[in-house]
Protein chains: 2
Amino acid sequence: MNASTARSTRNAREQVLDAAIRLFTQQGYFNTSIPDIVRESGISTGSIYHHFGDKEGIARALFESLVARMERAFDAIDREHATARERCRAVIELLFRITEDEPEVMSYMLFVKHREFMPEMAPVCSSRPFRHMREMVERGMATGEVRSMDPMVAAAAVFGGALRLINLRLDGILERPLGDYLDEIWDCAWRSVSA
Amino acid sequence: MNASTARSTRNAREQVLDAAIRLFTQQGYFNTSIPDIVRESGISTGSIYHHFGDKEGIARALFESLVARMERAFDAIDREHATARERCRAVIELLFRITEDEPEVMSYMLFVKHREFMPEMAPVCSSRPFRHMREMVERGMATGEVRSMDPMVAAAAVFGGALRLINLRLDGILERPLGDYLDEIWDCAWRSVSA
DNA sequence: TTGACTAAAACGAATGTTCGTTCTAATCTT
DNA sequence: AAGATTAGAACGAACATTCGTTTTAGTCAA
């Protein structure tokens, strides 16, 4: 039936995407060959090209699904919290949680340099998530929660430390899970911009 | 004479390195072919292999010269400043200055993923510079300049915002030069950890 | 319920190209 | 002259992609 057809096609796609995000983040996009993906996903070359068109299509599909997921998560945070303070903290908690539970997801967004093979996506990739963060801080400035300053600098101050910890964690330099550092880094972050 | 020989060999090496850092940061390591480097540097294939052994050797030489340069700069900062506060600010000033004057240098260190082709260098690449920063903060904690907390978190708080601004600037999202943001981000950074 | 028909999906061997590297000859430098 | 350096053509391996075929799933007539 329709359901079973849909399920089967989604499976092939998702098996490829699962294998690809793992391989791309472990060995890099250019070090990952189509045969690698065939081996790791169990899906054949022909099928892969049927679903994604070309190798870049796999990376693009991955990227788009992660961007969409981030957008939804940010919107949910906006809805569920009333103050800039709560929202910013929730964003950091979210990013920490993703880093611990699905490190490949965070690695893919931070490390895979789309600039190198999808130049037109580079600005989207780097600026879109940070724009959300900047807007959050900016609205906090309007309500007086955040002291008055350049909103870009304020956003960098609030989220820069946490993002740095995420980088260190993914590089294997932090041995304890990010949650252990949450209160301390949040204290630093908010202290640096609170009115 | 020695001088002219030295000059000529250094020229070939440096012409290759100049072309390589430009190409690697613009299009990525794997998108840059040896013929690309030959074209851009004006040095022939044979010469390149004579000087660097293989393609990775070019990246390694670049990396090593930049690491050495960073080490020297950090040591100089340690020598020329007495307090953690002054040292940390000097580091941020240094990184901002390099980003503005030689963006390829900063791009190469931040963006070129050595993990993908020099796995053994990845830890050096990511941890070494940050270890200096952590030690700076740690010594400031010993003297009471910096409030007591996990030194890794404190270092992330002090330098995270500035590093974020550097990323944004290299991505073309900040239109004004980094110097314009120095005082504000430094105020945030130090406020977040000062005793 | 069966069995022919259709369309989508999966397959994997074959192809043409690109790339890093090697090799041999030529050219400087001292 | 001799050693270091440069040159660029040639090589072989690895890669992304294509294509003709097979399999699977859904539809519908009788």
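The values are calculated or read from the model by the stated rules, or taken from the named source; none is laboratory data. Because the structure is a prediction, the values reported are computed rather than measured. Reconstructed Cβ throughout: ideal geometry from the backbone, glycine too, with neighbour counts over all protein chains shown. Each accessible area value is taken on the protein alone, full model and side chains, heavy atoms only, with ligands, DNA and RNA left out. Shrake-Rupley method; radii C 1.70, N 1.55, O 1.52, S 1.80 Å.
Checking each residue in region B:53-81 for being within 16 Å of DNA strand D (Cβ to nearest atom) and among the acidic types (Asp, Glu) picks out B:Asp54, B:Glu56. The conditions of being open to solvent by less than 40 Å² (accessible area, probe 1.4 Å), modelled with pLDDT under 95 and either on the phi < 0 side of the Ramachandran plot or not in a helix (DSSP H, G or I) (or both) are met by B:Phe130.
The single condition from (1) assigned to a helix (DSSP H, G or I); (2) open to solvent by 10 Å² or more (accessible area, probe 1.4 Å); (3) modelled with pLDDT of 95 or more that A:Met109 fails is (3). One residue alone among A:Ala61, A:Ala84 is touching a strand residue (DSSP E or B) at 6+ places or on another chain (Cβ under 9 Å) and either within 16 Å of DNA strand C (Cβ to nearest atom) or closer than 30 Å to A:Ala195 by Cα (or both), and that residue is A:Ala84.
Under the condition of being near DNA strand D (Cβ under 8 Å from one of its atoms) and open to solvent by 20 Å² or more (accessible area, probe 1.4 Å), the residues counted in region A:42-52 number 4. In region B:23-41, the condition of being modelled with pLDDT under 95, among the aromatic types (Phe, Trp, Tyr) and within 16 Å of DNA strand D (Cβ to nearest atom) is met by at least one residue.
Against the test of being without any contact (Cβ under 8 Å) to a residue 24 or more places away in the chain, open to solvent by 30 Å² or more (accessible area, probe 1.4 Å) and outside the structural domain of B:Ser44 (by TED's automatic domain parsing), the options B:Glu86, B:Glu104, B:Glu93 yield a single qualifying residue, B:Glu86. Just to be sure before I move on: is A:Ser4 surrounded by fewer than 14 Cβ atoms within 10 Å (Cβ to Cβ), at pLDDT below 90 and within 13 Å of DNA strand D (Cβ to nearest atom) in the structure I sent? Judged against the criteria, A:Ser4 is a match. Taking only pairs six or more apart or across chains, which ones have beta-carbon atoms under 8 Å, a first residue in region B:33-62 that is away from chain A (no Cβ under 14 Å), and a second residue that is more than 7 Å from DNA strand C (Cβ to nearest atom) and outside any helix (DSSP H, G or I)? Here the result reads B:Ile37/B:Ile43; B:Val38/B:Ser44; B:Arg60/B:Met118, each pair linking region B:33-62 to a residue that is more than 7 Å from DNA strand C (Cβ to nearest atom) and outside any helix (DSSP H, G or I). Considering only region B:171-184, I want to know if a residue exists there that is among the aromatic types (Phe, Trp, Tyr) and more than 7 Å from chain A (Cβ to nearest Cβ). Looking for residues that are among the aromatic types (Phe, Trp, Tyr) and more than 7 Å from chain A (Cβ to nearest Cβ), one finds none in region B:171-184, hence no. Filtered by the rule that a residue be part of a loop (DSSP other than H, G, I, E, B) and within 14 Å of DNA strand C (Cβ to nearest atom), region A:29-49 gives A:Phe30, A:Asn31, A:Ser33, A:Gly42, A:Ile43, A:Ser44. If the condition is being open to solvent by 30 Å² or more (accessible area, probe 1.4 Å) and without any contact (Cβ under 8 Å) to a residue 12 or more places away in the chain, then region B:149-193 contributes B:Asp150, B:Arg164, B:Asp171, B:Gly172, B:Ile173, B:Glu175, B:Arg176, B:Asp180, B:Asp183, B:Glu184, B:Asp187, B:Arg191.
Filtered by the rule that a residue be at the interface with another protein chain (Cβ under 7 Å from one of its Cβ atoms) and part of a helix (DSSP H, G or I), region A:147-158 gives A:Met152, A:Val153, A:Ala156, A:Ala157.
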